[in-house]
Amino acid sequence: MKEMKEMKKIKRMEMTKTFLSFLSFLSFFSFFSCGTQEKYFLTQGEIFKTTTHIKYQYHRDLGKELFARLDSFDLSLNPFNSYSIIYKVNHNEAVEVDDWFIAVFNRAKEISEMTGGVYDITCAPLVNLWGFGFEKSDEVTPYLIDSLKQFVGYQKVRLEGRKVIKADPRLQLNASSIAKGYACDVLAELLESYGITDYMVEIGGEIHAKGKNPEGEYWQIEILKPIDDATGTKQESYEVVQLADYSLATSGNYRNFYIKDGKKYAHTINPLTGYPVEGNILSASVMYPDCMTADACATAFMALGLEKACALAEQFPGMDYLFIYAEENGNLLEKRRK
């Protein structure tokens, strides 16, 4: 009888230990779950003299990691950074290029070939000649343009391994029309390496998005109406598009332009002529899986004009676009593929 009582006592003690262990597990699980609960974070910064916004769903803030990746990218392809690879290439310093530089260079060259040289990242001297905002337009002469065109042209530069070989040491590269889009892809790749499936990366208006926004919907991206406004203060929505596992890049001549002798000149320079583009597209929005291609094509389409732009887009399966252009009376028309 005494042995039976002892047995029951031992069983009660074991049950109590089990119950306490279970409570301890629940407490730990509850603490761990709360500590790793996912929410949306917003990281903001600057690269290429423009702003960046990164929104993503995760259980902790990745701002430090994202800024570090942006800083590294800046040291590769920012032409304004005297420590960057592209700056050193432009100033003929001995330097080996990195994988980011190679990816941008090769893609830019492909699109240059597809456009017959209308898109060309070697046209920096011509862009500099006209000046940002065309403040130097009165100084531009046919002689100056012809002299600069001698060392402008994507055929005059190539890669040999990790070395940039120029046909003329005066040749310079400016990848701003493609590098911002690629930076979006690079940050998206970093986010996905953490297993993140809901995010939006925006750099200077170029966007790479995946999954859902904080409201549980696909990312809603606004395309502005192309209104002549060099001040950039007038903004009117033209359309809101949904992005999911896609990129969006928009290029337009309606904000950066000047008027001389009653004629409007756009900020996009045609490297074949050396003069600002006089195309009929006011705004080109391009949707494509990778933002690097979307970014470069948006610029190329502006330079090509409507008919040639539509033809080039056919060479990119899965590419959607919205081209906004104007009739002679000023009425806005559109051409799209979606």
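The values are calculated or read from the model by the stated rules, or taken from the named source; none is laboratory data. Remember, it's a predicted structure, so these values are computed and weren't measured experimentally. All Cβ positions, glycine included, derive from the backbone under ideal geometry; neighbour counts span all protein chains shown.
Of all residues in region 251-293, those satisfying the criterion of being over 22 Å from residue 333 (Cβ atoms) and modelled with pLDDT of 90 or more are 271, 272, 273, 274, 288, 289, 290, 291, 292, 293.
To keep it simple, each residue is scored yes or no on (1) in contact (Cβ under 8 Å) with a residue 24 or more places away in the chain; (2) part of a helix (DSSP H, G or I); (3) under 17 Å from residue 289 (Cα atoms); (4) touching a Pro at 6+ places or on another chain (Cβ under 8 Å).
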position	(1), (2), (3), (4)
109	yes, yes, no, no
112	yes, yes, no, no
117	yes, no, no, yes
126	yes, yes, no, yes
169	yes, no, no, no
173	yes, no, no, yes
191	yes, yes, yes, no
202	yes, no, yes, no
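Scanning region 78-105 for residues that are surrounded by 13 or more Cβ atoms within 10 Å (Cβ to Cβ) and assigned to a helix (DSSP H, G or I) gives 85, 86, 87, 88, 89, 90, 100, 101, 102, 103, 104, 105. Of the residues making up region 54-77, those that are among the small types (Gly, Ala, Ser) and exposed (fewer than 14 other Cβ atoms within 10 Å of the Cβ) are 68, 72. With the structure loaded, tell me whether residue 51 is of a type in the set (S, T, N, Q), surrounded by fewer than 19 Cβ atoms within 10 Å (Cβ to Cβ) and closer than 29 Å to residue 216 by Cα or whether it fails that test. So residue 51 passes the test.
Here region 311-338 is the region considered, the condition is being surrounded by fewer than 16 Cβ atoms within 10 Å (Cβ to Cβ) and under 22 Å from the mean Cα position of the chain (by Cα), and the residue that is farthest from residue 222 (Cα to Cα) is 315.
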